[in-house]
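Before any comments, here is the structure.
The values are calculated or read from the model by the stated rules, or taken from the named source; none is laboratory data. Nothing here was measured: the structure is a model prediction, and the numbers come from that model. We place every Cβ from the backbone using ideal geometry, glycine too, and count neighbours over all the protein chains shown. Surface accessibility is based on the protein's heavy atoms, side chains included, excluding ligands, DNA and RNA. Shrake-Rupley method; radii C 1.70, N 1.55, O 1.52, S 1.80 Å.
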Amino acid sequence: MLHYEIAGPAKARPIMLSSSLGTTLEMWDPQMDALTEHFRVIRFDHRGHGRSPANGECSIADLGGDVLELLDRLELPVVSFAGLSLGGMLGMWLAAHAPERIDRLALLCTSAKLSTPEFWSERANAVREGGTASIAEAITARWFTPGYGGREPYIAMLAGISAEGYAACCEAIGGMDLRSDLPLIKAPTLVLAGADDPATPPEHAERIVSGIPGSVLAVLPGAAHLANVEQPEAVSRHLIEHFRQETTTAV
């Protein structure tokens, strides 16, 4: 079962935050003060990340199923959902395959199809052989712009992730292709991209917006992959504006 935390007013609108590959729910700490003023915020660790146990091989559908199980445990029939990178992939899958559970969607620094299965298999094998600490410096260098000085806690965060949990999620991304799911998404969708993101450059966001009817794109200057960390105020503002809107019939 997934580890989770809940904060914010008990009767406020529930929103779920889903983090990136190689991070824990603490990735969203920069948004918590702002978001909990308005929302009931649910954060969780992906399987094999943080305090959630690893559970062998998995697909994006399996990871999305973990989220549906959590929503059922919490007796939440519907939530608004924000996901970054791997979290955004889960958001797309959920909004396409369980549309009744997601009323509004925010996708940050993510992709509907990212690199090749071979690329992700190579990374998974490297982590199984050397552990997540062996890649932490190189991977986190892509999470932030070169001038950002707060990388150290995220190096430690990635180095603390279970090698098998990380590798299994790598292989899930390698087997993922959500491009045909995009037109199925009816939840009002905000897509955010980091202007300087080498992992999921803005053209990935543009392709998502071209596939989801009525979706809106914003590109954040001075941000790489973990845009919510590098530009916390801008990301919080976009999320609050998007999630405070009333949901209407999808375009």
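Given the condition over 18 Å from Arg104 (Cα atoms) and polar (S, T, N, Q), answer yes or no: does some residue in region 224-238 qualify?
yes
Please determine whether any residue of region 164-180 is open to solvent by less than 50 Å² (accessible area, probe 1.4 Å) and farther than 20 Å from Gly87 by Cβ.
Within region 164-180, none of the residues are open to solvent by less than 50 Å² (accessible area, probe 1.4 Å) and farther than 20 Å from Gly87 by Cβ.
Look through His242, His204, His238 and report the one residue that is touching a Cys at 6+ places or on another chain (Cβ under 9 Å) and in a helix (DSSP H, G or I).
Among His242, His204, His238, only His204 is touching a Cys at 6+ places or on another chain (Cβ under 9 Å) and in a helix (DSSP H, G or I).
Name every residue in region 183-219 that is β-branched (Val, Ile, Thr) and open to solvent by 20 Å² or more (accessible area, probe 1.4 Å), in order of residue number.
Val209, Val216, Val219
Can you tell me which residue in region 7-22 is nearest to Ile42 (Cα to Cα), limited to those that are without any contact (Cβ under 8 Å) to a residue 60 or more places away in the chain and surrounded by 14 or more Cβ atoms within 10 Å (Cβ to Cβ)?
Filtering first and then ranking leaves Gly8.
Keeping to region 149-163, report how many residues are in a loop (DSSP other than H, G, I, E, B) and either within 14 Å of Met27 (Cβ to Cβ) or open to solvent by less than 20 Å² (accessible area, probe 1.4 Å) (or both).
Here the count works out to 4.
Mind listing whichever residues of region 93-131 are among the polar types (S, T, N, Q) and within 30 Å of Leu239 (Cβ to Cβ)?
Across region 93-131, the qualifying residues are Thr110, Ser111, Ser115.
Which of the residues belonging to region 132-148 are open to solvent by 50 Å² or more (accessible area, probe 1.4 Å) and either of a type in the set (S, T, N, Q) or part of a loop (DSSP other than H, G, I, E, B) (or both)?
Hits for region 132-148 are Ser134, Arg142, Pro146, Gly147, Tyr148.
Which condition number does His38 fail, the rest of (1) within 15 Å of the chain's Cα centre (by Cα); (2) in contact (Cβ under 8 Å) with a residue 24 or more places away in the chain; (3) surrounded by fewer than 23 Cβ atoms within 10 Å (Cβ to Cβ) being met?
Every condition holds for His38 apart from (1).
Check region 52-65 and report whether any residue there is within 24 Å of Gln31 (Cβ to Cβ) and loosely packed, with under 15 Cβ neighbours inside 10 Å.
Looking through region 52-65, none of the residues is within 24 Å of Gln31 (Cβ to Cβ) and loosely packed, with under 15 Cβ neighbours inside 10 Å.
Answer yes if at least one residue in region 14-28 is farther than 27 Å from Glu233 by Cα and not in a helix (DSSP H, G or I), and no otherwise.
No: zero hits.
Working carefully through the options Leu74, Leu114, find the one that is more than 15 Å from the chain's Cα centre (by Cα) and surrounded by fewer than 21 Cβ atoms within 10 Å (Cβ to Cβ).
None of the other options fit; the residue is Leu74.
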